[in-house]
Amino acid sequence: MRIYAMISSFDSKLDDMLAAGYVQSDDDTLWIRSVKGFGDGALGSRGAALLADYSDDPGNRGILVTPEDALPALFDKVLGANFQLNFHAIGDRSNRLILDNFARAYQHTNGLTLRNRIEHAQVVTLDDIPRFKPLNLIASMQPVHATSDMNMAEDRLGKERLKGAYAWQTFAQQGTVIAAGSDFPVELANPFHGLHAAVTRQSHANLPEDGWLAAEKLSREQAFKAFTLDAAYAAHQEEILGNLQPGKYADFILIDRDIFTVPAAQIWQTQVLQTWLAGKQVFTQN
């Protein structure tokens, strides 16, 4: 399998690894050229950092995992070393802080060209969503979070803040690249669960009937691209991965149904029959 690894911003050897430069194996199974930063906690545990109190927990606005005053030096260090910076941010306060620090650091680093990412970009104010575009930030989002969180998100946030939550189509319409993923091991790694969530915004029991916050659904083509070519772009690998064309690795799977034509409710049930890596079969279903 191919691994695009991120160095933890908390790693005691971060400086040494940045100084050592990028890692790229000859067969492209291991790339290291990015750092994972940590902004806040999760929405379900009320740890996501919010600009205002939790609707169901007055007085609580979540937590910052990396102290606010430590962010400027971290951004300068990572971007100054020409490493991509991928920052976890779930709450609207955390997302704003990360946006502010990217904007500041870009003034004296080469950061704008590094395809930096906000991991999750889960709850963002309507004023801050447009800022992703000029900052050339990728929204690294996990569609299953919407269907996992839909039964509690309004309790945590209230209706007004939901307008900028799990806003995939809003990001897509402004031209922001969406790199879709699973957030394994918090969620299952199965990408067909993510494709189903992206397209339907429903549970596996087809609820709610029209999908939760249905205006933010992605089309099948948008969702597929987010999980493939745009995910490769987010890893600086679109010239070798992400779709099937001459000159790229023959990494592909064979599946038991056409996910573009089956009823959308069935997408999550897709089974992998074979997996091929660089033209070599590495898995077959018994």
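The values are calculated or read from the model by the stated rules, or taken from the named source; none is laboratory data. Predicted model only: the values in this text are computed from it and were never measured. Every residue, glycine among them, receives a Cβ derived from its backbone with ideal geometry; neighbour counts consider all protein chains shown. The accessibility values were calculated without ligands, DNA or RNA, using every heavy atom of the protein model including side chains. Shrake-Rupley method; radii C 1.70, N 1.55, O 1.52, S 1.80 Å.
Would you confirm, using the coordinates I've provided, whether Gly91 is at pLDDT 95 or above and in contact with a strand residue (DSSP E or B) (Cβ under 7 Å, 6 or more places away or on another chain)?
Working: at pLDDT 95 or above: yes; in contact with a strand residue (DSSP E or B) (Cβ under 7 Å, 6 or more places away or on another chain): yes.
Yes; evaluated as a whole, the condition is true for this residue.
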Of the residues in the range 79-95, those that are part of a strand (DSSP E or B) and either of a type in the set (Gly, Ala, Ser) or more than 20 Å from Val65 (Cα to Cα) (or both) come to Ala89
Reported set for the range 240-286 where residues are assigned to a loop (DSSP other than H, G, I, E, B), over 29 Å from Trp31 (Cβ atoms) and in contact (Cβ under 8 Å) with a residue 24 or more places away in the chain is Phe260
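Identify, please: which residue in the range 57-114 is of a type in the set (S, T, N, Q) and under 24 Å from Met152 (Cβ atoms) and is, among those, surrounded by the most Cβ atoms within 10 Å (Cβ to Cβ)?
Initially, the range 57-114 is screened for residues of a type in the set (S, T, N, Q), giving 60, 66, 82, 84, 86, 94-95, 101, 107, 109-110, 113.
Those still in the list that are under 24 Å from Met152 (Cβ atoms) too: 60, 94-95.
Details: Asn60: 13, Ser94: 33, Asn95: 29.
This residue is Ser94.
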The residue that is most open to solvent (accessible area, probe 1.4 Å), considering only those in the range 115-130 that are farther than 21 Å from Ala232 by Cα and without any contact (Cβ under 8 Å) to a residue 40 or more places away in the chain, is Asp127
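Where in the range 96-206 are there strands (runs of 3 or more DSSP E), lying fully within it, with 1 or more residues that are of a type outside the set (A, V, I, L, M, F, W, C)? Before the answer, list the steps.
Values: elements: 117-120, 138-141, 178-180.
In the range 96-206, 117-120, 138-141 are the strands (runs of 3 or more DSSP E) which contain 1 or more residues that are of a type outside the set (A, V, I, L, M, F, W, C).
Within the range 212-239, can you find the residues that are in a helix (DSSP H, G or I) and either farther than 22 Å from Trp168 by Cα or touching a Lys or Arg at 6+ places or on another chain (Cβ under 8 Å) (or both)?
Matches in the range 212-239: Ala214, Glu216, Tyr233, Ala234.
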